[in-house]
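The values are calculated or read from the model by the stated rules, or taken from the named source; none is laboratory data. Predicted, not measured: the structure shown is a model, and the values here were computed from it. Please note: Cβ atoms are built from the backbone with ideal geometry, for glycine as well, and neighbour counts cover all protein chains shown. For accessibility, only protein heavy atoms count, side chains too; no ligands or nucleic acids. Shrake-Rupley method; radii C 1.70, N 1.55, O 1.52, S 1.80 Å.
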Amino acid sequence: MPYLGCHLSASKGDLAMVRTAQSIGADTFAFFTRNPRGSKAKPQDLVDSAKAMSLMGQLGFGKLVAHGAYTMNLCTADPDARDFAASVLAEDLQRMAALPEQYYNFHPGSHVGQGAEAGIEQIVGALRRALEPAYPVTVLLETMAGKGSEVGGSFQELKDIIDGVGSDSVGVCLDTCHVYDAGYDIVNDLDGVLAEFDRIIGLDRLKALHLNDSKNPFASHKDRHECIGQGSLGLETFRRIVTHPLLADKPMILETPNELPGYAEELRLLRDMIMNER
Ligand code: FE
Ligand code: FE
Ligand code: ZN
């Protein structure tokens, strides 16, 4: 059975997020490691993080999936801005030591006209520097919609990053809205897409999913999230995903346009799908 959760506000700390997750029927969650617009991270509270980890253990939570800031572009064209993004990544990974063995997901970046190959090289460089010395965190490259000059809109680009870094601590987080927008038809051929993922990247690298419906049609390269069942993916696609044997035991995170009550409702819907299948 997969672990199900949603994106939560980190403003009251780690323990508060675990309690909130529990209160809405989640057994994993995601949060931004820093303000998505600004770049400054708030001071760490190691006691709070330790309490959160221990409560997660008691409650049988799956791994949480922290999310790096959208503004962190590891392959932006300006060298100073790129160095700054790399230092943000390194600091984020250091801070993840307070939440040992959990996941840190981020958008690979946008190459802004430099070309995907150059972008991939810069992302690889930033990861190699940030991952050494080894912190107890697995970084997850998010599958992207291929909007503008986004890197990571194809499985091959993610594979190239993984090979370039050459570490077991790099995995992938598959975002359902993004892959569909990118042109992977998980509506009509989920098994085919998973087989392609396995062939190119290897399913052992697939560590987590983002569950989002899409406001746009197949291969639109747009990236606009919709609530579960209300977009072009549809309920049946999500039923297949949450009950898929190859995806069992993975954390699945909702990033749908919802507040907490809406998330609680979607979590119930997904859990019902799982229960009805058994
Ligand atoms: Fe994301
Ligand atoms: Fe996502
Ligand atoms: Zn998105």
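Contact annotation: no residue pair with Cβ atoms under 6 Å, 6 or more positions apart or on different chains, pairs a residue in the stretch 188-212 that is under 14 Å from T143 (Cβ atoms) and without any contact (Cβ under 8 Å) to a residue 40 or more places away in the chain with a partner that is hydrophobic (A, V, I, L, M, F, W, C) and assigned to a strand (DSSP E or B).
Number of residues in the stretch 242-260 that are under 26 Å from F32 (Cβ atoms), touching a residue at least 12 places away in the same chain (Cβ under 8 Å) and more than 16 Å from ligand 3 (Cβ to nearest atom) equals 6. When A86, A50 are checked against the criterion of being among the hydrophobic types (A, V, I, L, M, F, W, C) and open to solvent by 30 Å² or more (accessible area, probe 1.4 Å), a single residue qualifies: A50.
Find all pairs meeting these conditions: Cβ atoms under 9 angstrom apart; at least six residues apart or on different chains; first residue within the stretch 80-92 and touching a residue at least 24 places away in the same chain (Cβ under 8 Å); second residue open to solvent by 60 Å² or more (accessible area, probe 1.4 Å). Close Cβ pairs (under 9 Å, with a partner that is open to solvent by 60 Å² or more (accessible area, probe 1.4 Å)) amount to A85/T71; A86/R129; V88/T71; L89/R129; A90/R129. Note on the stretch 92-112: residues that are within 16 Å of ligand 1 (Cβ to nearest atom), touching a strand residue (DSSP E or B) at 6+ places or on another chain (Cβ under 6 Å) and open to solvent by less than 20 Å² (accessible area, probe 1.4 Å) amount to 4. Against the list (1) more than 19 Å from M252 (Cβ to Cβ); (2) part of a loop (DSSP other than H, G, I, E, B), the condition I186 fails is (1).
For (1) of a type in the set (S, T, Y); (2) within 16 Å of ligand 3 (Cβ to nearest atom); (3) not in a helix (DSSP H, G or I), each residue gets a yes or a no:
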{"site": "L158", "(1), (2), (3)": "no, yes, no"}
{"site": "D163", "(1), (2), (3)": "no, no, no"}
{"site": "G171", "(1), (2), (3)": "no, no, yes"}
{"site": "V179", "(1), (2), (3)": "no, yes, no"}
{"site": "D191", "(1), (2), (3)": "no, no, no"}
{"site": "K207", "(1), (2), (3)": "no, no, yes"}
{"site": "K222", "(1), (2), (3)": "no, yes, yes"}
{"site": "Q230", "(1), (2), (3)": "no, yes, yes"}
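Go through the stretch 173-197 and count every residue that is closer than 16 Å to G153 by Cα, away from ligand 1 (no atom under 16 Å from the Cβ) and among the acidic types (D, E). Count: 2.
Per-residue answers, yes or no, for (1) at pLDDT below 95; (2) among the aliphatic types (A, V, I, L, M); (3) surrounded by 22 or more Cβ atoms within 10 Å (Cβ to Cβ):
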{"site": "L174", "(1), (2), (3)": "no, yes, yes"}
{"site": "H178", "(1), (2), (3)": "no, no, yes"}
{"site": "G183", "(1), (2), (3)": "no, no, no"}
{"site": "G192", "(1), (2), (3)": "no, no, no"}
{"site": "I200", "(1), (2), (3)": "no, yes, no"}
{"site": "K207", "(1), (2), (3)": "no, no, no"}
{"site": "S214", "(1), (2), (3)": "no, no, yes"}
{"site": "A219", "(1), (2), (3)": "no, yes, no"}
{"site": "R224", "(1), (2), (3)": "no, no, no"}
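For the stretch 231-264, the set of residues classified as exposed (fewer than 15 other Cβ atoms within 10 Å of the Cβ) and acidic (D, E) consists of E236, D249, E259, listed by residue number. Looking across the stretch 130-143, just one residue is at pLDDT 95 or above and open to solvent by 20 Å² or more (accessible area, probe 1.4 Å), and that is T138. Cβ-Cβ distances below 7 Å connect the following pairs, each with a first residue in the stretch 167-184 that is within 14 Å of F106 (Cβ to Cβ), a second residue that is among the basic types (K, R) and not in a helix (DSSP H, G or I), and a separation of six or more residues or different chains: G171/K207; V172/K207; C173/K207. Does the stretch 113-127 contain at least one residue that is open to solvent by 10 Å² or more (accessible area, probe 1.4 Å), within 16 Å of ligand 2 (Cβ to nearest atom) and of a type in the set (S, T, N, Q)? Checking the stretch 113-127: not a single residue is open to solvent by 10 Å² or more (accessible area, probe 1.4 Å), within 16 Å of ligand 2 (Cβ to nearest atom) and of a type in the set (S, T, N, Q). Taking (1) within 18 Å of the chain's Cα centre (by Cα); (2) over 15 Å from T33 (Cα atoms); (3) assigned to a helix (DSSP H, G or I); (4) not hydrophobic (A, V, I, L, M, F, W, C) in turn, D92 satisfies each apart from (2).
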